[in-house]
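Structure first, commentary second.
The values are calculated or read from the model by the stated rules, or taken from the named source; none is laboratory data. Model, not experiment: these values are computed from the prediction. So basically every Cβ, Gly included, is an ideal-geometry build from the backbone, and we count neighbours across all protein chains shown. The accessibility values were calculated without ligands, DNA or RNA, using every heavy atom of the protein model including side chains. Shrake-Rupley method; radii C 1.70, N 1.55, O 1.52, S 1.80 Å.
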Amino acid sequence: MADHRTTTRIAATRARSLRLRRLVTRAARIVTTPYVVLGTVAVVALLYLVVQPVVEIVAHSLRAQPRDAFRIPELETGSWTTYYWQRALDSPFSRRTFYDPLVNTLLVSLGFTVVAMAIGVSLAWLTVRTDMLGKRLIGALAVVPYILPSWTLALAWTTLFRHDGQVHGAAGVLQHLTGIAVPDWLTYGPVPIMIVLAVNYFAYTFLLASAAFASLDSSLEEAAELQGARRGAVFRIVTLPLILPALGSAFVLTFCSGLGTFGVPYVLGRPVGFDVMATYLYGSMQLGRYGDAFVLTSVLIGFAALTVYMNALILGRRRQYTTVTGKGGHRSPVRLGAWRLPITLMVGGGVATAAIIPIALLLLQSTQSVFGSYQLSNVTLDYWIGRDVRGFHGVLTEPRILRAGLNTLVLGVSVGLVSVVSAFVLGYVIAKGRGTRLGRLVEQVSFLPYVIPGVAFGAIYLTLWSEPRFVFPSLYGTMAIMVLAAAVKRMPYAARSGAGAMLQLGSELEEAARVQGASWWTAARRVLVPLTRHGLLVGFILTFVGATKDLTMVIMLSTPRTEVLSVVAIGFADLAMEQFSHAIALIIIALVLIGTVLARLLAKADPTAAFGGTGR
């Protein structure tokens, strides 16, 4: 009997030992899997570079800052306090410093989002579902305003609509041609801000709605029409609900971009005292009121996160009603009949105006000897190649501008190279870990930088990297902080382009290399990188273009030694030297357009598909 019990215990011990060895072997195999190792590294890096800074900035809004601790006896530097939140929410200054900028931000963001989505959906329907003429050309022109930096469109707006009774006292093109001085509210303030932003950002809705219309199952609409429903009712009851997920994504992308946009409100709002959260945050940082800036940053992040959450909640509840399938065919285009030519001319003229006129206006103003004078004798190239123009050389020979141009190229190329590595690593983890918790986590966390408004992101990195962190030195005043912030802010685009490239590869290619004895690094270098080079090139160009035209974030991080072209252009505009600012804007536009064309020619890709131009 004792021998039987001993044998049983020995067998049980061996079974437990075998299970433990199997568990250890399985765990070792998992933790040594390349995508698990890379995914773990990516998660740690993302938490450190994205999540942790957000947590710290919220904590900073609850800690006494040195300047205020010096002025206010009851505060001690670093001590926990609700002083800044109380001053923002409930003080005699609350309306001017918090509520007015908040209301202005929500007003502008909601207003231009509604207008942009109306334009985008209408244009998408016309180009995809009707027989309108020239749809290919109109579709290409429609994304040009999106590619351009938004603040350059704002400069073009002032060139067109300003009059001699306003800021800087120079007549605009419209007043010169017609003698009409447009109302002040149409030149500066919330209305022109919303119009310019809508023109700049309607491409989000246009691209997403076009894809949704193109893939829509037409049998559902045809069934409704057979039941006697009119075309308008079919669109409202059937078509619109089916493309709601695409419209929800467009709303999030557009609204979140508006929350943190800086350049357009700065050009069109600041001259008349119209502040949004982004411009007021910038002013607070410039004045050293960091506690107030941390509160504003926290609020901006909160609104962006709430927008994403509400969108997911609404679409999640409607998911059970989704009926788009791949079984139905595409319906024949809607015939516009007698309206075909008028609609084509109207739509084509509108998108051509939005794409071409801003560039033409900037070029016109950059060649005026006296700003606002439109005589032929007033044309000059001094602001481009002159030697002594109002204390400066022309933009092509001025040392400060040349240095800023070099900094811009260094920033764009550096961010592009960092993004190539990010695209490869994040894309590999997302593709190989598809359906796993790790893959979903990397995909979700890599999207977080998008919902952080650019000006808030710049404020976070300026604050946190102005002093040493762990083994890293202070990065304040260096190109490194600008490269790091720009690369992290554009990580969602890198992850998207990398994942798109990796998902096209079969796992058998990598496995075949491993079977031949190649290490993962060798397989990556000789198999994965060559096969995904087009996608990685797209990621490089996307981030290069985005970093080149960025103003919202870099204006928070640049110093006289590290300033880039966009910051110099805004500086000249502040000094009422618009010819310089317009000329520099044209140089930036040229770099952006060259990058976009290269993406199409070299990588056979449309860079607008990944929305590479936020941070404007």
Open item on the list: In whole Å, what are the extents of segment 28-83 along the principal axes defined by its C-alpha atoms, from largest to smallest?
Closed with: 59, 16, 15
- [ ] When you have a sec, figure out the Kirkwood radius of segment 479-546 from all distinct Cα pair distances and drop it here in Å to one decimal?
- [x] 13.3 Å
- [ ] Taking H placed 1.01 Å from N in the peptide plane, check which residues at least 5 places from Arg63 or on another chain put their amide H under 5 Å from its amide H.
- [x] Thr81
Open item on the list: Please compute the volume of the convex hull spanned by the alpha-carbon atoms of the chain and report it per residue in Å³.
Closed with: 241 Å³
Task: Between 0 and 90°, nearest 10: helix 479-489 axis offset from the chain longest Cα axis - done: 70 degrees
- [ ] Would you mind getting the accessible area per residue of segment 380-525, heavy atoms of the protein chains only, 1.4 Å probe, in Å²?
- [x] 45 Å²
- [ ] Using only the Cα atoms of segment 89-200, each taken as one equal point scatterer with no solvent, compute I(q) by the Debye sum, divide by I(0), and report log10 of the ratio at q = 0.15, 0.17, 0.24 Å⁻¹.
- [x] -0.85, -0.97, -1.20
- [ ] Taking the chain as the reference, fit the longest principal axis to its C-alpha atoms, fit the long axis of helix 565-574 to the helix C-alpha atoms, and give the angle between the two in degrees, 0 to 90, nearest 10.
- [x] 40 degrees
- [ ] Enumerate the whole-percent occupancy of each 5 Å bin, from 0 to the last occupied one, for all C-alpha pair distances of segment 243-287.
- [x] 5, 22, 22, 18, 11, 10, 8, 4, 1, 0
TODO: Could you please state, rounded to a whole Å, how far the C-alpha centre of segment 71-100 is from the C-alpha centre of segment 494-542?
DONE: 52 Å
TODO: Taking the chain as the reference, fit the longest principal axis to its C-alpha atoms, fit the long axis of helix 340-366 to the helix C-alpha atoms, and give the angle between the two in degrees, 0 to 90, nearest 10.
DONE: 70 degrees
TODO: From largest accessible area down, sort Asp574, Asp292, Asp90, Asp100; use a 1.4 Å probe on the protein chains.
DONE: Asp90, Asp574, Asp100, Asp292
Open item on the list: Please list Glu74, Glu511, Glu578 from largest to smallest accessible area, probe radius 1.4 Å, with all protein chains kept in place.
Closed with: Glu74, Glu511, Glu578
- [ ] Starting from the residue with the highest accessible area, list Arg236, Arg162 in decreasing order, probe 1.4 Å.
- [x] Arg236, Arg162
Task: Vicinal HN-Hα couplings computed from phi for segment 118-134 (Karplus, 6.51 cos²θ - 1.76 cosθ + 1.60; Hz; Gly/Pro x) - done: 5, 5, x, 5, 4, 5, 5, 5, 5, 7, 9, 10, 10, 9, 4, 6, x
Task: Alpha-carbon gyration tensor eigenvalues x 5, square-rooted, for segment 375-524, Å - done: 42, 21, 16
- [ ] Report, in debye and to the nearest 20, how large the dipole of the chain comes out about its Cα centre when Lys and Arg carry +1 and Asp and Glu carry -1 on their Cβ.
- [x] 2680 debye
Open item on the list: Can you divide the C-alpha Rg of segment 365-404 by 2.2 N^0.38 Å and report the result to two decimal places?
Closed with: 1.20
Task: More than 16 angstrom apart: percent of Cα pairs within segment 367-441 - done: 69 percent
- [ ] Please give the FRET efficiency for Leu345 paired with Val410, using the beta carbon to beta carbon distance and R0 = 56 Å, rounded to the nearest 0.05.
- [x] 0.80
Task: Options Leu46, Ala459, Pro271, ranked by Cα towards positive dipole end of the chain, top entry (Cβ charges) - done: Leu46
TODO: Take every Cα pair under 8 Å in the chain that's 6+ residues apart, average their separations, divide by the length, and report that relative contact order as a whole percent.
DONE: 18 percent
Open item on the list: List the residues, sorted by chain then number, that are 5 or more residues from Gln368 or on another chain and whose placed amide H is less than 5 Å from its amide H.
Closed with: Thr380
TODO: May I ask you to give the percent of accessible area on the chain that is carbon plus sulfur, with a probe radius of 1.4 Å?
DONE: 66 percent
Task: Peptide ranges 380-388, 81-89, 120-128 listed from the most packed, as the mean C-beta count within 10 angstrom indicates - done: 120-128, 81-89, 380-388
Open item on the list: Please list, ordered by chain and number, the residues whose modelled amide H lies under 5 Å from the amide H of Thr130; skip anything fewer than 5 residues away on the same chain.
Closed with: Val334
Open item on the list: For segment 507-601, report the % of Cα-Cα distances exceeding 24 Å.
Closed with: 47 percent
Open item on the list: Please compute the volume of the convex hull spanned by the alpha-carbon atoms of segment 422-504 and report it per residue in Å³.
Closed with: 99 Å³
